[in-house]
Amino acid sequence: MKRLSVILFLLLGFSIQAHAQAIGVAYERQSEDPQNGFSARLEGELLSLPLISLNARAQFGFFTNDDVSLNVDQNSMNNISYDASTWDAAAFLIGEAGLPLPINVYAGVGFGYSVSEASLNGNPESFIYQNITVKDVDESSFIYNGLLGLKFSTIPFIKPFVEWRYVGFSNEVNSDELQAPSRFAFGINLEF
């Protein structure tokens, strides 16, 4: 049974790759904690016109900060630390300008789902830090995205890119620490 599930997983992976036109990875930095993350993406062309193409993208991201230290009392050395992580999955529709230049501009919109977790290290259940109540958090939300990017086409099959993405939450999350209004991504796509 275990061998059969591995074979089915590999066949599914190869069939997805056969229909994808780009596979990519990126380092991402967002404006709120956790700030550092990575993403993986599969992208395929839906429609191609002379100067623009419409693409679909599936993207998965993970952000983490471990052992972030907060100085609770500035007059003492009492520090409290926490661990935070966020993962998300999203689908995008992207329009890309097909100009005969080594740089292509693209923009898109998307929707997805995000899960954020933060846990305090040590004993406190919560505390006040810079007028914000910090406590253990386990939240999830539907998200919507808008993105702008540049893709560099100087090397065949290898396309470095830079991307800015706005992330909005469908419901008000309780912790200001885990909201992520914007992200910058630097990565590489393998196109075939």
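The values are calculated or read from the model by the stated rules, or taken from the named source; none is laboratory data. These figures come from a predicted structure and were not determined experimentally. All Cβ positions, even for glycine, are placed from backbone atoms using ideal geometry, and neighbour counts span all protein chains on display.
Contact list please: Cβ distance under 6 Å, first residue in segment 11-32 and farther than 28 Å from residue 117 by Cβ and modelled with pLDDT of 80 or more, second residue small (Gly, Ala, Ser) and surrounded by 12 or more Cβ atoms within 10 Å (Cβ to Cβ), pairs at least six apart or on different chains. Short answer, once both residue conditions are applied: 21/44. Beta carbons closer than 7 Å, at least 6 apart along the sequence or on distinct chains, pair a first residue in segment 59-71 that is within 17 Å of residue 82 (Cβ to Cβ) with a second that is modelled with pLDDT of 60 or more and not in a strand (DSSP E or B) for 63/34; 64/34; 65/33; 65/34; 65/35; 68/33.
Is there a residue in segment 120-133 that is over 18 Å from residue 21 (Cβ atoms), aliphatic (A, V, I, L, M), in contact with a Ser or Thr (Cβ under 6 Å, 6 or more places away or on another chain) and modelled with pLDDT under 90? The answer is no; no qualifying residue exists.
Restrict the check to segment 44-67 and report whether at least one residue is among the β-branched types (Val, Ile, Thr), within 20 Å of residue 190 (Cβ to Cβ) and modelled with pLDDT of 85 or more. Outline the logic, then answer.
Of segment 44-67, the ones among the β-branched types (Val, Ile, Thr) are 52, 64.
Those left that are additionally within 20 Å of residue 190 (Cβ to Cβ): none.
Within segment 44-67, not a single residue is among the β-branched types (Val, Ile, Thr), within 20 Å of residue 190 (Cβ to Cβ) and modelled with pLDDT of 85 or more.
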